[in-house]
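Student: Here you go, one structure.
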Amino acid sequence: MASPTLISDTEPWKDLKCHVDDINKTHLRDLMKDTERCKSMMVEFDGLLLDYSRQRIRQDTIEKLFKLAEAAHLKQKINSMYTGEYINITENRSVLHVALRASKDAVIYSDGKNVVSDVWKVLDKISEFTERVRSGSWVGATGKALKDVVAVGIGGSFLGPLFVHAALQTDPEAAESAKGRQLRFLANVDPIDVARSITGLNPETTLVVVVSKTFTTAETMLNARTLREWIAASLGPQAVAKHMVAVSTNLTLVEKFGIDPKNSFAFWDWVGGRYSVCSAVGVLPLSLQYGFSVVQKFLEGASSIDQHFYSAPFENNIPVLLGLLSVWNVSFLGYPARAILPYSQALEKFAPHIQQVSMESNGKGVSIDGVKLPYECGEIDFGEPGTNGQHSFYQLIHQGRVIPCDFIGVVKSQQPVYLKGEMVSNHDELMSNFFAQPDALAYGKTPEELLSEKVPNHLITHKTFSGNRPSLSLLLPSLSAYNIGQLLAIYEHRIAVEGFIWGINSFDQWGVELGKSLASQVRKQLNLSRTKGEPVEGFNFSTTTMLTKYLEATSHISSDPATRLPKI
Ligand code: F6P
């Protein structure tokens with residue numbers, strides 16, 4: 001059998017490798033003078049504006065990247081995703097998160113079955129259930145309405161919903177529908193997170209939503225048992241039926257846990273955990289907080305980008321362009337990281353969500369056919385909202401390492417503030433920074449400019465900015481539920497494009513398994529040592545020493561302690 005071709009063996013890849021020498025002779029200061037070039041690097045779609053003129057590229061770079069896309073069969077791979085082919089070959093599944101936000105009349109097949117009707121059955125069930133809870137017709141065990149929700153889940157069953165919740169919290173329409181209600185999350189298995197998530201809540205008025213695709217994740221299951229105990233200890237075990245519901249693909253385990261399948265909300269194997277925010281994973285808790293109609297707008301925004309990604313020519317296709325530029329930065333210019341810099345506090349949880357979507361998807365070392373890659377793929381994603389990040393790590397991105405930056409700005413603030421007598425509105429002040437930073441990175445400041453400003457000689461090198469640091473800017477018209485959906489889908493698809501080009505499987509995550517199985521060995525040891533006094537065995541010297549010290553220092557813990565819940 002012929003060995004599979006790696007993208008690095010193709011002519012377009014080799015051509016781009018050579019092209020780096022040309023680009024290294026350019027500086028963004030000069031590239032930005034070419035208005036035609038800049039004009040060709042702006043794309044508008046559905047109210048969004050992408051400007052990628054501050055990437056270290058010429059127009060011919062983009063042509064070369066399109067050739068790379070062709071060599072990687074990008075269009076065919078996108079089509080295979082949308083038509084439900086089993087592109088996640090190591091888990092033998094299709095990848096159909098686009099079906100989660102498709103309109104009711106859309107038809108998307110997986111295994112010869114239109115999955116959109118299944119999706120809408122669950123969405124209708126969520127709409128009906130959340131209306132009952134929000135209107136007070138579904139009440140808790142003592143007859144009180146449930147106004148607070150704790151969503152228990154981790155990773156993809158947490159980060160996406162948290163990002164959307166944080167983004168909606170200050171949107172006027174969403175905030176109005178959330179009045180008097182609270183949505184909290186419990187993710188970490190750390191008991192401190194349990195304490196934080198329930199502090200100030202009354203079990204009588206709280207609904208716990210257990211969110212787990214597999215319903216086996218150790219952290220989530222222990223946290224779910226802990227909150228079940230919290231409810232039962234206060235209201236009796238029969239109260240669990242009224243105070244706990246679940247979201248999972250594994251309804252058998254949900255029932256075993258003690259949650260009535262009638263009160264559980266399904267999703268499917270073809271939804272990857274980190275791509276699940278548009279399934280019941282996100283839609284249920286967010287609808288409980290904001291009402292289904294707000295969440296529906298979020299789904300519509302994501303769907304608009306899904307259609308654009310599927311049908312727009314590559315020259316105007318925002319996720320495709322972003323994905324190709326990321327590959328250019330990582331694989332050709334050799335920049336391993338990417339900073340996500342939203343100039344909106346409402347997007348404070350966007351970077352943590354994208355960290356998982358990107359790094360769990362593309363942090364791979366072998367091709368989809370299992371061949372060890374001769375090139376690095378994946379990116380190190382991090383970020384903070386501007387302007388906070390400016391006072392934290394921007395020193396490094398201006399004068400230290402080169403980190404391609406995504407600047408995300410919003411035209412209309414969710415919460416405008418104007419002060420009489422101030423030069424600009426508070427949002428204009430924020431946006432002044434959004435517009436200034438990309439130019440500071442691109443142009444820098446030369447020693448000549450500093451000399452003309454009479455900067456003392458001994459400070460010239462310290463105050464010089466090399467410039468030529470790439471960034472791109474994405475301007476959203478506002479931060480409504482719809483725009484939040486658009487933003488999510490742009491990044492999801494961009495990450496898929498990168499994986500399609502690198503020739504990897506962006507939809508599995510075997511790299512998280514080893515640590516889980518080692519933790520289970522340690523868990524067994526801790527139990528044996530605490531209950532039977534058995535010595536630590538089977539670990540290396542380092543772990544044995546640490547474990548023994550930990551056990552000795554906590555030897556006062558009884559081998560069969562009484563249940564204890566957080567006390568704050
Ligand atoms: O961290 C690994 C992982 O499997 C993620 O992919 C997933 O999002 C998370 O754990 C939670 O999994 P589950 O939803 O099955 O509890």
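The values are calculated or read from the model by the stated rules, or taken from the named source; none is laboratory data. Keep in mind that this is a model prediction, so the values were computed, not measured. Counting neighbours? That spans all protein chains shown, and the Cβs are built from the backbone with ideal geometry, glycine included. For accessibility, only protein heavy atoms count, side chains too; no ligands or nucleic acids. Shrake-Rupley method; radii C 1.70, N 1.55, O 1.52, S 1.80 Å.
One line per residue, one yes/no per condition, for (1) among the hydrophobic types (A, V, I, L, M, F, W, C); (2) farther than 24 Å from Leu487 by Cβ:
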site	(1), (2)
Leu96	yes, no
Leu100	yes, no
Ser103	no, no
Ala106	yes, no
Ser110	no, yes
Asn114	no, yes
Val119	yes, no
Ser127	no, no
Glu131	no, yes
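Student: Something else now. Looking at (1) within 19 Å of the chain's Cα centre (by Cα); (2) closer than 30 Å to Arg58 by Cβ, which is the only condition Gln356 fails?
Tutor: Among (1) within 19 Å of the chain's Cα centre (by Cα); (2) closer than 30 Å to Arg58 by Cβ, Gln356 violates only (2).
Student: Separate question: Name every residue in the range 446-468 that is basic (Lys, Arg) and closer than 17 Å to Lys33 by Cβ, in order of residue number. Spell out how you get there, then give the answer.
Tutor: At the first step, the residues of the range 446-468 found to be basic (Lys, Arg) are 454, 463.
Within the range 446-468, no residue meets the criteria.
Student: Continuing with the same structure: Which residue out of Arg225, Arg196 is of a type in the set (Lys, Arg), within 15 Å of the ligand (Cβ to nearest atom) and out of contact with any strand residue (DSSP E or B) (no Cβ under 7 Å at 6 or more places or on another chain)? So that I can check it myself, show each step before the final result.
Tutor: Details: Arg196 fails: within 15 Å of the ligand (Cβ to nearest atom).
Only one candidate qualifies: Arg225.
Student: Further, regarding this structure: Name the single residue, out of those in the range 160-172 being outside any loop (DSSP other than H, G, I, E, B) and buried (at least 21 other Cβ atoms within 10 Å of the Cβ), that is farthest from the ligand (Cβ to nearest atom). Step through it out loud before you land on a result.
Tutor: Applying the first criterion (outside any loop (DSSP other than H, G, I, E, B)) to the range 160-172 yields 160-168, 172.
The next check asks that each one be buried (at least 21 other Cβ atoms within 10 Å of the Cβ); those that pass are 160-165, 167-168.
Details: Gly160: 9, Pro161: 11, Leu162: 12, Phe163: 14, Val164: 15, His165: 17, Ala167: 19, Leu168: 21 Å.
Selected residue: Leu168.
Student: Six or more apart or on different chains, Cβ under 7 Å: which pairs go from a residue in the range 200-214 that's in contact (Cβ under 8 Å) with a residue 40 or more places away in the chain to one that's part of a loop (DSSP other than H, G, I, E, B) and open to solvent by 20 Å² or more (accessible area, probe 1.4 Å)? Could you list them?
Tutor: Every condition considered, the pairs that remain are Glu204/Thr142; Glu204/Lys144; Thr205/Lys144; Thr205/Lys147; Lys213/Thr249.
Conditions tested, residue by residue: (1) within 16 Å of the ligand (Cβ to nearest atom); (2) charged (D, E, K, R); (3) open to solvent by 30 Å² or more (accessible area, probe 1.4 Å).
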residue	(1), (2), (3)
Gly136	no, no, no
Ala145	no, no, yes
Phe158	yes, no, yes
Arg184	no, yes, yes
Leu207	no, no, no
Thr214	yes, no, yes
Glu219	yes, yes, yes
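Student: Is the range 271-286 home to any residue that is open to solvent by 10 Å² or more (accessible area, probe 1.4 Å) and within 16 Å of the ligand (Cβ to nearest atom)?
Tutor: Within the range 271-286, the subset open to solvent by 10 Å² or more (accessible area, probe 1.4 Å) is 272-273.
Applying the additional criterion that residues be within 16 Å of the ligand (Cβ to nearest atom) yields 272-273.
Yes, some residue in the range 271-286 is open to solvent by 10 Å² or more (accessible area, probe 1.4 Å) and within 16 Å of the ligand (Cβ to nearest atom).
Student: Ok, one more. Taking helices (runs of 4 or more DSSP H) that do not extend beyond the range 464-558, which have at least 2 residues that are open to solvent by less than 40 Å² (accessible area, probe 1.4 Å) and closer than 18 Å to Gln356 by Cα? Explain how you work it out, then say what you get.
Tutor: Numbers: elements: 481-502, 513-532, 541-553.
Filter on the range 464-558 gives 481-502.
Student: Residue check: is Gln415 under 17 Å from Arg54 (Cβ atoms) and touching a residue at least 24 places away in the same chain (Cβ under 8 Å)? Write out each step before concluding.
Tutor: Numbers: under 17 Å from Arg54 (Cβ atoms): no; touching a residue at least 24 places away in the same chain (Cβ under 8 Å): yes.
Criteria not met by Gln415.
Student: Shifting gears a bit: Look at Val295 and say whether it is of a type in the set (A, V, I, L, M, F, W, C), touching a helix residue (DSSP H, G or I) at 6+ places or on another chain (Cβ under 7 Å), open to solvent by less than 20 Å² (accessible area, probe 1.4 Å) and more than 28 Å from Trp510 (Cβ to Cβ).
Tutor: Yes, satisfied.
Student: Examine the range 381-398 for a residue that is without any contact (Cβ under 8 Å) to a residue 24 or more places away in the chain, open to solvent by 60 Å² or more (accessible area, probe 1.4 Å) and of a type in the set (A, V, I, L, M, F, W, C), and state whether such a residue exists.
Tutor: Among the residues of the range 381-398, at least one is without any contact (Cβ under 8 Å) to a residue 24 or more places away in the chain, open to solvent by 60 Å² or more (accessible area, probe 1.4 Å) and of a type in the set (A, V, I, L, M, F, W, C), which makes the answer yes.
Student: What tally of residues in the range 412-456 results from selecting those that are in contact with a strand residue (DSSP E or B) (Cβ under 7 Å, 6 or more places away or on another chain) and either among the β-branched types (Val, Ile, Thr) or assigned to a loop (DSSP other than H, G, I, E, B) (or both)?
Tutor: Number satisfying all stated conditions: 1.
Student: Can you name every residue in the range 45-78 that is part of a helix (DSSP H, G or I) and either among the hydroxyl-bearing types (Ser, Thr, Tyr) or open to solvent by less than 50 Å² (accessible area, probe 1.4 Å) (or both)?
Tutor: Selection gives Thr61, Ile62, Lys64, Leu65, Phe66, Leu68, Ala69, Ala71, Leu74, Ile78.
Student: Test each condition in (1) within 12 Å of the ligand (Cβ to nearest atom); (2) in contact with a strand residue (DSSP E or B) (Cβ under 6 Å, 6 or more places away or on another chain) for Thr249 and report the one that comes out false.
Tutor: Condition not satisfied by Thr249: (2).
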